[in-house]
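No lab work stands behind these numbers, since they all come straight from the coordinates. In this text, all values refer to a predicted model and were calculated from it rather than measured experimentally. So basically every Cβ, Gly included, is an ideal-geometry build from the backbone, and we count neighbours across all protein chains shown.
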Amino acid sequence: DQQVKQNSPSLSVQEGRISILNCDYTNSMFDYFLWYKKYPAEGPTFLISISSIKDKNEDGRFTVFLNKSAKHLSLHIVPSQPGDSAVYFCAATQVNYGGSQGNLIFGKGTKLSVKP
Amino acid sequence: ETGVTQTPRHLVMGMTNKKSLKCEQHLGHNAMYWYKQSAKKPLELMFVYSLEERVENNSVPSRFSPECPNSSHLFLHLHTLQPEDSALYLCASSQDGEFGEKLFFGSGTQLSVL
């Protein structure tokens, strides 16, 4: 059974508007969450992360929100740009005793298309 | 060359063939990984090498055989694969076995097994 779920395989948004990508998880032991972005013919690259001690982390146009009680996180992109068109993967992990992050459990990804 | 480089980018092979995927990292990392992404499935960790020793094998079939001759190179040897092994195979590297933000991926090899 999937521990990290991205239930929307695709999302289409107009340039300048907000993109909201959602992710749900089932394992309550996860305490660190990440978003990766993947362009065609390239490997995934790290975008933004959030620790379970926070409920929001912002980096420029990208903000990740975490709702621990609902086991839900979301990535907001404002304003959306055509260059944001890519597949976005949600991932979750546990931080080890030494402070390092363990193996990432990924969702299936959501393909975002931002139309000019 | 910078980052993590994978060759070939695309590979088509028959079920009786033997082929190898190659990965090279130029980041000075000491841990390397193989991931698999099948169609409509999440990215899954296959193998972890840290300091050139295998530290994790997530129950991968023996028809996949990894090799890590040094900290910069990683191979995945393939033999007698099945059509369901068709997938995108991604190599990644990091320092000291760190995951998360410190994981750097290559562009992948798109494998088709006929």
Problem set entry | Cα-centred dipole magnitude for the protein assembly as shown, charges only on beta-carbon of K, R (+1) and D, E (-1), debye, nearest 20 | 700 debye
For this session: Would you mind giving the mean number of other chain beta-carbons within 10 Å of the Cβ of each residue in B:102-114, as a whole number?
Result: 3
For this session: Within 10 Å of each residue's Cβ, count the other Cβ atoms and sort B:L78, B:L103 from fewest upward.
Result: B:L78, B:L103
Exercise. Based on the Cα atoms of the protein assembly as shown, what semi-axes does the equivalent ellipsoid have, where each is the square root of 5 times one gyration tensor eigenvalue, given in whole Å with the largest first?
Worked result: 30, 21, 16
Seminar exercise, completed: Quick calc, chain B, dipole around Cα centre from Cβ unit charges on Lys, Arg (+) and Asp, Glu (-), nearest 20 debye, gives 500 debye
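Round to the nearest 0.05 the FRET efficiency obtained for B:M15 and B:N70 when R0 = 30 Å and r is the Cβ-Cβ distance.
Numbers: r = 31 Å, r/R0 = 1.04.
Computed FRET efficiency for B:M15 and B:N70: 0.45.
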Exercise. Residue farthest toward the positive end of the dipole of region A:1-66, with Cβ of Lys/Arg at +1 and Asp/Glu at -1: which of A:A41, A:Q6, A:N27?
Worked result: A:A41
Exercise. Separation between the A:Q94 and A:M29 pseudo-spin-labels, each 7 Å from Cα along Cα→Cβ, expressed in nm?
Worked result: 0.3 nm
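First measure r as the distance between the Cβ atoms of A:H76 and B:Q82, then evaluate 1/(1 + (r/R0)^6) with R0 = 35 Å and state the FRET efficiency to the nearest 0.05. Mind showing how you got there, number by number?
Values: r = 41 Å, r/R0 = 1.17.
So, using R0 = 35 Å, E works out to roughly 0.30.
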Exercise. Roughly how many debye, to the nearest 20, is the charge dipole of region A:11-75 about its Cα centre, given +1 on each Lys and Arg Cβ, -1 on each Asp and Glu Cβ, and no other charges?
Worked result: 80 debye
For this session: Based on other C-beta atoms within 10 Å, arrange A:K56, A:K111 from fewest to most.
Result: A:K56, A:K111
Seminar exercise, completed: Checking every Cys Cβ in chain B against the others at 4.7 Å leaves as unpaired B:C68
For this session: Note down, for chain B, the three equivalent ellipsoid semi-axes (square root of 5 times each alpha carbon gyration tensor eigenvalue), biggest first, whole angstrom.
Result: 22, 14, 13
Exercise. Rounded, prolate or oblate: which one fits chain A, using the alpha carbon gyration tensor with axes a ≥ b ≥ c (rounded when a/c is under 1.5, else prolate when a/b beats b/c, else oblate)?
Worked result: prolate
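Beta carbons within 10 angstrom, averaged per residue: use that to sort the peptides A:15-21, A:26-32, highest first.
Details: A:15-21: 16.4, A:26-32: 14.7.
Highest to lowest by the protection proxy: A:15-21, A:26-32.
Express the relative contact order of region B:30-85 as a whole percentage, based on alpha carbon pairs under 8 Å and six or more residues apart in sequence. Walk me through the intermediate numbers first.
Numbers: 86 pairs, mean separation 15.2, N = 56.
Over region B:30-85, the number comes to 27 percent.
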